[in-house]
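Have a look at the structure below before the remarks.
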Amino acid sequence: MPQPYTSAMAVDETARVGTDLRIGVVGATGAVGRVTLELLLDRGYTSIRTFASRRSAGGRLGDFEVEEASEATLGAGDLDLCLFSVGTSTSRELVPIAAGAGAVCIDKSSAFRLQDSIPLVVPEVNGGRAFEHTGIIANPNCCTIPLTMALAPLRDAVGLRSVRVATYQSLSGAGAEAIQDLRGESADDHVLRMDWEFDGTEFDEESKIRAEVRKILELPELPISATCVRVPVVVGHAEAIWVETEEPIAPEQAERLLSEAPGIQVVIVPSHAEAIGIDEVVVGRIRADSTSENGLALFLVADNLRKGAALNAIQIAESLVGRALPSSLGVRP
């Protein structure tokens, strides 16, 4: 089983500040891209370039001029790391270009997540898989990341028999324009949305969660049922989870396991407001589910722009520094 993220994989603060990694933030003007840039600056990275669509090129994000994300700019071979937060079709076009030019690419879209040859990584769960990359690493769905973080300790302790999850996803998961639309509505106009592709049975968001959780946990036959909905809040995804385990586990034992797991904060009742702007996944309402054998129910809230996207990608990159990034290996044009 791959090793999860540990402190030994992380870059300490001294090494991190002043690093000369040449980083490209692609999709920098979007909701996730802006948080990615903010987190990189907070962590002391200085050699950063920002990229976006032709429409946004030439603008500025603080001190950074926005460049057009194109085959020419991303294929020039002058970047060590590219953090992509763009649409699936754009990722399919540009990620291989940047990777072919020598950059390690961590991509947020669904373009590469389920390809067998590309690691799909949550550092706290299967961080060791990141070192198997050949230039591209996939960042999971914003609901998959916190879900696998809550499930992995249970899998390791008592096994998983089945999982059911209902998600309550903020509008920021649909991008910056969705946030603007929400802010322009009156309270009476707010509605619940299910705006993913629908095959007549499932939304693609629901099938993505199932497939990604199975890949990350390395449980290819795990029964998983998801129901997804967008709620009228700007940031923060919540998930209600029902788990049936292979062996019985008391809620108190599950609470202890989760409180000891990296990246998780256990509380009695998770608060949406307290989960926004922090790095941890907040888990609570841990209780027995009497409707199934060895049943357990829990509830979580996470900042989908941070741990659900930008932070997870940065943590993946930081686990590679000194081991699997070109600048650390002296491979520069």
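The values are calculated or read from the model by the stated rules, or taken from the named source; none is laboratory data. A quick note: this is a predicted structure, and the numbers were derived from the prediction, not measured. Here the Cβ positions follow ideal geometry from the backbone for every residue, glycine too, while neighbour counts run over all protein chains shown. Ligands, DNA and RNA are excluded from the accessible area calculation, which covers all protein heavy atoms including side chains. Shrake-Rupley method; radii C 1.70, N 1.55, O 1.52, S 1.80 Å.
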### Query
Roughly what angle does helix 311-320 make with the longest principal axis of the chain, taking Cα atoms, 0 to 90 degrees, to the nearest 10?
70
### Query
Under 18 Å from the 7 Å Cα→Cβ point of S53, by amide nitrogen: which residues of the range 103-117?
108-111
### Query
Say we join alpha carbon atoms closer than 10 Å with springs in a Gaussian network model of the chain; which of A174, A28, A254 then has the biggest fluctuation?
A174
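Rounded to the nearest whole Å², what accessible area per residue is found for the range 78-168 with the 1.4 Å probe?
Values: 2600 Å² over 91 residues.
In whole numbers, the range 78-168 has 29 Å² accessible per residue.
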### Message
Could you give the length gained by full extension between R161 and E132, i.e. 0.36 nm per residue of separation minus their alpha carbon distance, to one decimal place?
### Response
7.6 nm
## Note on the structure
If R0 = 25 Å, then S290 and V267, at their Cβ-Cβ distance, give a FRET efficiency to the nearest 0.05 of 0.65
### Message
What do you get for the angle between helix 88-100 and the principal long axis of the chain? Use alpha-carbon atoms, 0 to 90 degrees, nearest ten.
### Response
50
#### Entry: Approximate spin-label separation L192-E68, in nm, with each point projected 7 Å along Cα-to-Cβ
4.4
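In cubic angstrom, how much convex hull volume per residue do the alpha carbon atoms of the range 154-297 span?
In the range 154-297, the Cα convex hull volume per residue is 140 Å³.
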### Task
Please compute P(r) over all alpha-carbon pairs of the range 64-120, binned at 5 Å starting from zero, and give each bin as a whole-number percent.
4, 21, 29, 27, 13, 4, 1, 0
## Note on the structure
For K208, the aspartates and glutamates lying under 18 Å Cα to Cα, once residues fewer than eight places off in the same chain are dropped, come out as D107, D116, D195, E197, D199, E218, E221, E239
### Message
Could you work out how much longer the chain between R183 and E274 gets when fully extended? Use 0.36 nm per residue separation minus the Cα distance between them, nm to one decimal.
### Response
30.7 nm
### Message
With angles folded into 0 to 90 degrees, how steeply does helix 144-158 sit against the dominant principal axis of the chain? Use alpha carbons for both and round to 10.
### Response
50
### Query
Rg(Cα) of the range 90-225 divided by 2.2 N^0.38 Å?
1.19
### Calculated FRET efficiency for the pair T90/L222, C-beta based, R₀ 30 Å, to 0.05
0.45
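Could you check how many percent of all C-alpha pairs in the range 145-239 are farther apart than 21 Å?
Roughly 40 percent, rounded to a whole number.
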### Span from the the range 20-69 Cα centroid across to the the range 258-291 one, whole angstrom
31
### the range 225-287 pair-distance distribution - Cα-Cα, 10 Å bins, rounded %
18, 47, 30, 5
### Query
Hey, got a sec? Which GluC sites (Glu not before Pro) in the range 145-236 land in a DSSP loop and have at most 14 other Cβ atoms within 10 Å?
E185, E197, E218, E221
### Query
For the range 104-142 and the range 176-255, what is the separation of their Cα centres, given in Å?
20
### Message
Using Cα springs under 10 Å in a Gaussian network model of the chain, which residue among S170, S109, S162 shows the largest mean-square fluctuation?
### Response
S162
### Message
Largest first, please: the extent of the C-alpha atoms of the chain along each principal axis, to the nearest Å.
### Response
60, 49, 37
### Message
Nearest 5 percent is fine: what portion of the DSSP beta bridges confined to the chain is antiparallel?
### Response
45
### Task
Let me know the volume per residue of the alpha-carbon convex hull for the range 244-325, in Å³.
119
